[in-house]
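Asks: Have a look at the structure that comes next, please.
The values are calculated or read from the model by the stated rules, or taken from the named source; none is laboratory data. Keep in mind the model is a prediction, meaning the values are calculated, not measured. All Cβ positions, glycine included, derive from the backbone under ideal geometry; neighbour counts span all protein chains shown.
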Amino acid sequence: MPSVQTNGIKLHYESQGHGPPLLLISGVGFGGWVWHQQIKAFSERFRVISFDNRGVGRSDKPDEPYTMELFAADALGLLEALQIERTHLLGVSLGGMIALQLALDHPRRVDHLLLCSTTFGGPQTVLPQPEVLRFMAQPGGRAEERFQKGFQLSFGPGFVEAHSDELAFLRRQMSENRQPDYAYRRQIMAPLGFNLEARLREIRQPTLVLAGEADQVIPSENARRLVQKLPDAQLKILPGVGHLCFIEEPEAFNRAVLDFLGGRR
């Protein structure tokens, strides 16, 4: 399995395709495998790099505070190890926050910026319902119960019941690379001090902000607020789908990304 040593840890990554680089950054609890419906489509025109953030999958999971600056430094270290000077950047949820941080900390390394199901943080963030917050902060019960509840919150109405194959794939990946409870807590705590609202005007990259209309985890109003504050941003709301909109509506999501990047045949 390919990996690099960077920032004091081992990061697992995968690279597929040829062309301009496109780095995919995952959210809490998910490894790079969560992008499996995007990698095939994108790798026809791009070199697609997916990886496991610290604390999840096959990457190291140190039991120490995680911050967005630290996650961004990990991603930068991966780019440097792979000798990638400049990349398109796509992040979802926590990964979108990491992408924002990386674009601000190292603007010359980022070409186009794509932010999915995410927020700029701070007091202007639109929070989920209290019961969603409670579950995210302290998911209880047996593993299977946590999987089921988490999936219900992550997808739009009816998806879990109608897509058992996709859910089985996700459950298998999460079980085979089980995230320790401490590492989940380290990841979920990282956004608590995150607030880039005042710096958004510094982002000059063309940006596409995507969200699911029925997102219960990071409500889609956050996407609208992002677009209002970014200097050069477009908004794509996918109707009827939830937080993991790129899994629910992969064709529409992939089409929007490829159209934005000019890579659609």
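Residue by residue, here is whether (1) over 24 Å from residue 52 (Cβ atoms); (2) surrounded by 11 or more Cβ atoms within 10 Å (Cβ to Cβ); (3) hydrophobic (A, V, I, L, M, F, W, C) holds:
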position: 156; (1), (2), (3): yes, yes, no
position: 180; (1), (2), (3): no, yes, no
position: 188; (1), (2), (3): no, yes, yes
position: 196; (1), (2), (3): no, yes, yes
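Asks: Still on this structure: If we scan segment 169-180, do we find a residue that is aliphatic (A, V, I, L, M) and without any contact (Cβ under 8 Å) to a residue 40 or more places away in the chain? If you could, list the steps in order and put the result at the bottom.
Replies: Taking segment 169-180 as the starting set, the residues that turn out to be aliphatic (A, V, I, L, M) are 170, 174.
Right, trim to without any contact (Cβ under 8 Å) to a residue 40 or more places away in the chain and you get none.
No, the conditions are met nowhere in segment 169-180.
Asks: Do the conditions hold for residue 43, that is, is it buried (at least 24 other Cβ atoms within 10 Å of the Cβ) and not β-branched (Val, Ile, Thr)?
Replies: On the way: buried (at least 24 other Cβ atoms within 10 Å of the Cβ): no; not β-branched (Val, Ile, Thr): yes.
When the stated conditions are applied, residue 43 does not pass them.
Asks: Next question. Suppose we filter 92, 56, 34 for residues that are in contact (Cβ under 8 Å) with a residue 40 or more places away in the chain, farther than 26 Å from residue 258 by Cβ and in contact with a Gly (Cβ under 8 Å, 6 or more places away or on another chain); which single one remains?
Replies: 56
Asks: Something else: Take residue 27 and tell me if it is touching a strand residue (DSSP E or B) at 6+ places or on another chain (Cβ under 8 Å), surrounded by 24 or more Cβ atoms within 10 Å (Cβ to Cβ) and not polar (S, T, N, Q).
Replies: Numbers: touching a strand residue (DSSP E or B) at 6+ places or on another chain (Cβ under 8 Å): yes; surrounded by 24 or more Cβ atoms within 10 Å (Cβ to Cβ): yes; not polar (S, T, N, Q): yes.
Answer is yes for this residue.
Asks: From the list 80, 69, which residue is assigned to a helix (DSSP H, G or I) and in contact with an Asp or Glu (Cβ under 8 Å, 6 or more places away or on another chain)?
Replies: 69
Asks: Quick test for you: out of 71, 46, pick the one residue that is modelled with pLDDT of 95 or more and under 14 Å from the mean Cα position of the chain (by Cα). Talk me through it step by step, then tell me what you get.
Replies: Numbers: 46 fails: under 14 Å from the mean Cα position of the chain (by Cα).
So the residue among 71, 46 that is modelled with pLDDT of 95 or more and under 14 Å from the mean Cα position of the chain (by Cα) is 71.
Asks: Counting only residues that are within 19 Å of the chain's Cα centre (by Cα) and either of a type in the set (Asp, Glu) or not in a loop (DSSP other than H, G, I, E, B) (or both), how many does segment 175-219 have? Spell out how you get there, then give the answer.
Replies: Filtering segment 175-219 for residues within 19 Å of the chain's Cα centre (by Cα) gives 177-179, 183-197, 200, 203, 205-219.
Applying the additional criterion that residues be either of a type in the set (Asp, Glu) or not in a loop (DSSP other than H, G, I, E, B) (or both) yields 183-193, 195, 197, 200, 207-213, 215.
Total meeting the criteria: 22.
Asks: Can you go through 132, 126, 160 and tell me which one is surrounded by 12 or more Cβ atoms within 10 Å (Cβ to Cβ), of a type in the set (Val, Ile, Thr) and either under 17 Å from residue 248 (Cα atoms) or without any contact (Cβ under 8 Å) to a residue 24 or more places away in the chain (or both)?
Replies: On the way: 132 fails: either under 17 Å from residue 248 (Cα atoms) or without any contact (Cβ under 8 Å) to a residue 24 or more places away in the chain (or both); 126 fails: either under 17 Å from residue 248 (Cα atoms) or without any contact (Cβ under 8 Å) to a residue 24 or more places away in the chain (or both).
Result: 160 is the single residue among 132, 126, 160 that is surrounded by 12 or more Cβ atoms within 10 Å (Cβ to Cβ), of a type in the set (Val, Ile, Thr) and either under 17 Å from residue 248 (Cα atoms) or without any contact (Cβ under 8 Å) to a residue 24 or more places away in the chain (or both).
Asks: List the residue pairs whose Cβ atoms are under 9 Å apart, where the first residue sits in segment 2-27 and is at positive phi, the second is among the acidic types (Asp, Glu), and the two are 6 or more positions apart or on different chains.
Replies: Final answer for the pair search is 7/74; 8/60; 17/44; 19/44.
Here is a yes/no grid of residues against (1) touching a residue at least 12 places away in the same chain (Cβ under 8 Å); (2) in contact with a Gly (Cβ under 8 Å, 6 or more places away or on another chain); (3) more than 23 Å from residue 21 (Cβ to Cβ):
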| residue | (1), (2), (3) |
| --- | --- |
| 183 | yes, yes, yes |
| 194 | yes, yes, yes |
| 200 | yes, no, yes |
| 210 | yes, no, no |
| 214 | yes, yes, yes |
| 234 | yes, no, no |
| 256 | yes, no, no |
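Asks: Here is a follow-up. Just checking, how many residues over segment 240-265 are within 24 Å of residue 40 (Cα to Cα) and not in a helix (DSSP H, G or I)? Break it down into steps so the answer makes sense when it comes.
Replies: Restricting attention to segment 240-265, the residues satisfying the condition of being within 24 Å of residue 40 (Cα to Cα) are 241-265.
Subsequent filtering for residues that are not in a helix (DSSP H, G or I) retains 241-244, 249, 262-265.
The total comes to 9.
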